Each structure stands twice: as structure tokens, then as C-alpha cells.
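The values are calculated or read from the model by the stated rules, or taken from the named source; none is laboratory data. Here the structure is a predicted model, which means the values were calculated and not measured. Every residue, glycine as well, gets a Cβ built from its backbone with ideal geometry; the counts of neighbours run over all protein chains shown.
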Amino acid sequence: MGKILFVDDDRDILEFYKKIASEMNISCLTAMTFKQALEIMKQDSIRVITLDIEINGENGIEIAKKIRESHHDINIIFISGKIEQYRDEINMLGCKSLPKPFNIEKFMSFLSN
């Protein structure tokens with residue numbers, strides 16, 4: 001079974017995600033840049049990746065398109081305060097979304113599915 005890769009430019013948020021995954025006995029990795037995330041994906045078996053819409057000035061939608069080109073089976077979940085602005089693009093990519101701030105139970109449900 002693959003791992004979950006959390007991508008966000010906020011270290012505290014990544015630590016929070018890791019804590020929740022650990023409590024659920026889910027193996028995870030973290031990245032603070034899209035470049036780092038793409039490198040991790042080359043080396044590890046990733047089943048789910050969470051992305052923010054924007055990280056360090058880069059567009060998460062464009063990164064999701066790149067991921068879809070080579071990793072069709074990865075589940076992509078956008079976790080962002082800008083979900084509604086990008087709803088059509090997210091849906092066209094076949095991604096799930098979770099608006100910030102989010103309900104912890106819903107977050108855990110996304111991770112377990």
C-alpha cells in the first residue's frame with residue numbers, strides 16, 4: 001500500500017497532517033515545495049497526495065496536471081482556502097477538495113478512503 005504525501009509551505013500544517021496520519025496508522029511523507037514533492041514521487045509509492053492551490057508562488061492546479069500525466073492512479077486532494085475559485089479546474093482533473101478551515105472528521109475520512 002502506498003503512502004500519503006502532504007504538500008504545503010506551512011511547516012505547522014504539515015506537522016498537524018503528520019500527527020493525524022500517525023494516529024490513523026497511515027504512512028506519510030511531507031514536502032514544502034512542488035519540486036520536492038515531484039522528487040519524492042519518483043522515489044516512493046504514493047497513493048494520495050494533498051496539494052494547496054498555491055505554494056511559494058507556484059500553481060497547484062498546474063502541478064496536478066503534471067502529476068496526472070504520469071501518475072493516473074494517484075488520488076489528488078486539494079486542501080486550500082481557495083477551493084471555490086478553482087472548483088471547475090479541480091473537478092476537470094478528477095481531484096477531490098477540502099476547503100480550509102476543515103472539519104477534522106472529514107479530513108480523516110479523506111485519508112482513510
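Tell me, please, whether a residue that is of a type outside the set (Val, Ile, Thr), without any contact (Cβ under 8 Å) to a residue 24 or more places away in the chain and in contact with a Gly (Cβ under 9 Å, 6 or more places away or on another chain) can be found in segment 25-33. No, segment 25-33 contains no residue that is of a type outside the set (Val, Ile, Thr), without any contact (Cβ under 8 Å) to a residue 24 or more places away in the chain and in contact with a Gly (Cβ under 9 Å, 6 or more places away or on another chain). The condition of being of a type outside the set (S, T, N, Q) and either touching a residue at least 60 places away in the same chain (Cβ under 8 Å) or touching a strand residue (DSSP E or B) at 6+ places or on another chain (Cβ under 8 Å) (or both) holds for residue 5.
Within segment 36-73, the set of residues being assigned to a loop (DSSP other than H, G, I, E, B), surrounded by fewer than 17 Cβ atoms within 10 Å (Cβ to Cβ) and touching a strand residue (DSSP E or B) at 6+ places or on another chain (Cβ under 7 Å) comprises 44, 45.
For segment 75-87, the candidate set comprises residues that are of a type in the set (A, V, I, L, M, F, W, C) and without any contact (Cβ under 8 Å) to a residue 60 or more places away in the chain; within that set, the residue that is surrounded by the most Cβ atoms within 10 Å (Cβ to Cβ) is 78. Of everything in segment 99-113 that's over 21 Å from residue 41 (Cα atoms) and touching a residue at least 40 places away in the same chain (Cβ under 8 Å), which residue is nearest to the chain's Cα centre (by Cα)? Within segment 99-113, the match that is nearest to the chain's Cα centre (by Cα) is 107. Among the residues of segment 34-86, just one is within 19 Å of residue 97 (Cβ to Cβ), of a type in the set (S, T, N, Q) and over 14 Å from the mean Cα position of the chain (by Cα), namely 85. Annotation: of all residues in segment 74-106 being β-branched (Val, Ile, Thr) and in a loop (DSSP other than H, G, I, E, B), the one that is farthest from residue 38 (Cα to Cα) is 83. Only one of the numbered conditions (1) modelled with pLDDT of 85 or more; (2) surrounded by 13 or more Cβ atoms within 10 Å (Cβ to Cβ); (3) touching a strand residue (DSSP E or B) at 6+ places or on another chain (Cβ under 9 Å) is violated by residue 91, and that is (2). Looking at segment 1-31, which of its residues are over 15 Å from residue 108 (Cα atoms) and surrounded by 17 or more Cβ atoms within 10 Å (Cβ to Cβ)? Across segment 1-31, the qualifying residues are 7, 8, 29, 30, 31.
For segment 2-35, the tally of residues that are over 23 Å from residue 84 (Cβ atoms), of a type outside the set (A, V, I, L, M) and assigned to a helix (DSSP H, G or I) stands at 8.
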